[in-house]
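Some notes on the structure that comes next.
The values are calculated or read from the model by the stated rules, or taken from the named source; none is laboratory data. Owing to the predicted nature of the structure, the values given are computational and were not obtained by experimental measurement. Positions of Cβ are generated from backbone atoms using ideal geometry, with glycine treated the same way; all protein chains shown enter the neighbour counts. When the accessible area is computed, the model is the full protein with side chains, heavy atoms only, and any ligands, DNA or RNA have been set aside. Shrake-Rupley method; radii C 1.70, N 1.55, O 1.52, S 1.80 Å.
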Amino acid sequence: MWTAPAASDHRPPFEEHPCRTLPSPPSASVSPPGDVLLVSGAGSGIGAAIALRAAELELAVAAWDLDGSAIAATVDRITRTGGKALAVTADVSAPADVERGFAESRRLGEIRYLVNNAGPSSAGDLDFDDGVRIAVGSVRSMTETWLSAGVPEGAALVNIASVAGNLMGTDSPWYCAAKAGIAGYTRHLATYRNTEVRSNAVAPGMTDTPRLQGFARSEVGQRSLEKNPMKRMATADDIAWSALFLLCPLASYINGVLLPVDGGWAVTQ
C-alpha cells in the first residue's frame, strides 16, 4: 500500500499524503509495499526528490543518473532510512545503456512505474536537431524499452515536460520544441498504448534546483517571480508530489494530462 512519509520539512501541507488517507477508486488496485518505480535523472533536483519521496511511500526505487557519485548519494539517503533502492549509472540517450539499465533495475522486481525525468539542461548549448533528438528520443527509448518487456496491471508513467514550449515560449528553441514533443508523445501513449500504461506529464515552471541555482536572485529571475502569483519558485518536492499523485491509484482515471506545476505563473503571461 502507498503509505505516509514520516514528518519532515519537505512534507506537503496536510496531515498525511493523499495516497494514504483517501480510499482508491473501486476499480483501482492499491500498490503493495515494494512496487518498483524507475526514475531517471535522480542524482539531484526533481529526480532526486521523486526518488526520495517515493521511498517514503514504501516504493522500491531504481534510481538512474549519468553521474555515478550523485546517484549513489541519492540511493544512500534512501537506504539509510530503511528504504529500498538501486543505483544505476546510465546515459538515457544511449540505447545500450538503456537496455543494461533496465536489466539491472529488474533485480528489484517488476517495474510498475516509470518517471522520465532525465534530459539536457535548457542552458545547454546544443544544436537544435541534437537537442530534440536527445530530449525526446531518450523519453521514447526509455518508454519503449520498458513496455516491450511487458508491464504489470496498473502500470503508469509520468514524463517531465515544462511550461516552456507548452504554455509559453522561452529563449532556447530546441528546449521549447523538445518539451512540446514530450507532451505530444505523452498524449500519443495515452491514446494508443492505453491498454498497457496510463500516461501523463508534469510541466514544471521555475523550480529551485541546481540547474537554476542563483536564478531567483538575478534580475530576470526577480521579474519572473514578481509575475508569479505565489511569489516564489517551486521546490523540487512540489514537482515530486505532483508526479507521485499522477502515478498513484487516486489518479486512476487521469490519462493524457499535461499538469502545469508553476504556481500560476503561466496564466499571468
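Using only side-chain charges placed at the Cβ, +1 for Lys and Arg and -1 for Asp and Glu, the dipole size of the chain relative to its Cα centre rounds to 420 debye. Taking packing as the residue-averaged number of other Cβ atoms within 10 angstrom, the listed peptides 48-61, 229-242 run from highest to lowest as 48-61, 229-242. Here's the picture: charge each Lys and Arg Cβ at +1 and each Asp and Glu Cβ at -1 in region 90-231, and of SER93, ASN200, LEU212 the one pushed furthest to the positive end of that dipole is ASN200. Here region 114-184 yields Rg over Rh of 1.02, to two decimals, using C-alpha coordinates and the Kirkwood radius.
Give the relative contact order (percent, whole number) for the chain; include only Cα pairs under 8 Å separated by 6+ residues.
19
Take the Cα of ASP171, step 7 Å toward its Cβ, do the same at SER121, and the gap between the two points is 1.3 nm.
Largest mean-square fluctuation among GLU99, GLU219, GLU110, in a Gaussian network model of the chain whose springs join Cα atoms under 10 Å apart, belongs to GLU219. Solvent exposure of the chain amounts to 46 Å² per residue of accessible area, where only protein heavy atoms count and the probe is 1.4 Å.
Could you work out the per residue convex hull volume over the alpha carbons of region 77-225, in cubic angstrom? With only Cα atoms used, region 77-225 gives 139 Å³ per residue. Taken over region 158-269, the alpha-carbon convex hull comes to 102 cubic angstrom per residue. With the charge dipole of region 222-267 set up from +1 on Lys and Arg Cβ and -1 on Asp and Glu Cβ about the Cα centre, the Cα lying farthest toward the positive end among the listed residues ILE239, LEU259, ASN228 is that of ASN228. When the solvent-accessible area of the chain is split by element, carbon and sulfur atoms take up 53 percent of it, the probe being 1.4 Å. Taken about its Cα centre, region 148-255 carries a charge dipole of about 200 debye when Lys and Arg each add +1 at the Cβ and Asp and Glu each add -1 at the Cβ. Could you tell me how far the Cα centroid of region 96-132 sits from the Cα centroid of region 171-247, in Å? When both Cα centres are located, 17 Å separates them. Take every Cα pair under 8 Å whose residues are at least 6 apart in sequence, average their separation, divide by the length of region 116-221, and the relative contact order is 30 percent. Ellipsoid fit via the Cα gyration tensor, the chain: semi-axes of 26, 22, 19 Å, each the root of five times an eigenvalue, largest first. For region 127-269, the residue among ALA149, MET168, LEU189 whose Cα projects farthest onto the positive side of the dipole built from Cβ charges is MET168.
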